[in-house]
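Novice: Sharing a structure with you now.
Only the coordinates and a few stated rules stand behind these numbers; no lab work does. Quick caveat: nothing in here was measured; it's all calculated off a predicted structure. Positions of Cβ are generated from backbone atoms using ideal geometry, with glycine treated the same way; all protein chains shown enter the neighbour counts.
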Amino acid sequence: MDTPDLSTTLQFWLLLTFAVLSLICSTFTIYCFLSNRKMRHGLHNHSILFLIITNVILIFTDVLWMLISLYQVGPPPIPTTSFCLTWWVIDDSLYNIQAFILAWASIERHLLIFHSRYITTQKQKFLLHYLPPLIIIIYLFSFHIHVLVFPSCENSFDFTDLQCGSSPCYVAVNFITIWDTIVNNVLPTLIIVTFNVALLYRIIRQKKRLRQPIQWRKHRRMSMQLISVSAVYVFLHLPMIIITFIQMVQGKDPSVDFGGQMYVFIATYSVTLSLPVVVCVNFLSLDKHRHVRISPTATVVPVKKWTEKRVER
């Protein structure tokens with residue numbers, strides 16, 4: 001095994017730290033969903049739960065394999081063509097699935113808050129809530145299996161480099177590269193930004209028009225949960241989208257033009273590993289606000305009743 005340089009060592013410890021923190025937050029979030037029936041059955045929580053489960057799968061596959069490769073200074077855990085193809089398919093598919101699920105959740109949140117009457121029956125729930133994520137999963141796995149496992153060209157593998165060289169041959173096919181960049185990467189990000197900005201605007205306008213504190217708090221919780229996750233995702237992912245787009249247009253290597261391998265490495269993994277942390281913070285904040293609202297009622301009312309009895313005597 002080669003001696004790791006400073007860059008490889010730093011990448012290993014950064015990734016390990018983020019992965020452990022992300023796994024802890026993911027476990028806590030899944031426990032919250034499983035132990036709370038109301039949260040478990042809330043339609044607005046399902047997309048968040050799906051993102052967390054996808055994140056756990058990524059940690060035990062892509063992230064774990066990357067940690068092993070970094071520890072070995074390059075070689076994949078299993079230096080075979082089939083393993084490398086499996087790694088590529090899981091890596092590309094699941095990261096894109098997270099983006100598309102978050103994009104669909106941004107659209108669906110408008111339905112759940114402002115048009116909930118269209119998603120009440122079992123048929124409506126299947127068509128508008130369960131079917132879209134299923135189509136997303138089937139499409140993205142089918143796309144990546146087709147372009148990676150059954151390409152019209154010949155893949156090359158480097159068993160001494162990270163992710164087997166991570167150079168699938170389809171990137172040389174212009175149409176597929178443009179489709180992958182625009183449809184699978186840029187489009188979901190644009191949907192996330194557009195629909196979350198629109199959601200925030202509609203929530204604020206509704207607050208001013210209805211002046212119903214209880215309904216406002218409910219809608220605020222449902223919207224801010226998604227908006228906070230989406231904001232972190234876009235903030236971390238947008239620079240990579242810009243780099244990829246410029247790379248596609250100019251045909252240049254982003255690691256040369258935009259700050260090197262370290263930035264690309266951190267940006268790639270921080271996007272997905274940070275999402276469970278944001279969800280955890282949301283849960284803890286929600287618990288804190290609920291406790292603040294409930295506590296005065298639980299302590300003041302009994303004291304009042306006890307005082308009245310003392311006066312009567």
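Novice: Using R₀ = 30 Å, calculate the FRET efficiency as 1/(1 + (r/R₀)^6) where r is the Cβ-Cβ separation of SER116 and SER142; round to 0.05.
Specialist: 0.40
Novice: Give me the distance in nm between label points sitting 7 Å out from Cα along the Cα-to-Cβ direction at ARG40 and LYS123, one decimal.
Specialist: Between ARG40 and LYS123, the label points sit 2.9 nm apart.
Novice: Label points 7 Å out from Cα along the Cβ direction at LYS208 and ILE135: separation in nm?
Specialist: Between LYS208 and ILE135, the label points sit 3.5 nm apart.
Novice: With a Förster radius of 35 Å, plug the Cβ-Cβ distance of VAL20 and ASP161 into 1/(1 + (r/R0)^6) and report the FRET value to the nearest 0.05.
Specialist: The value I calculate is 0.85.
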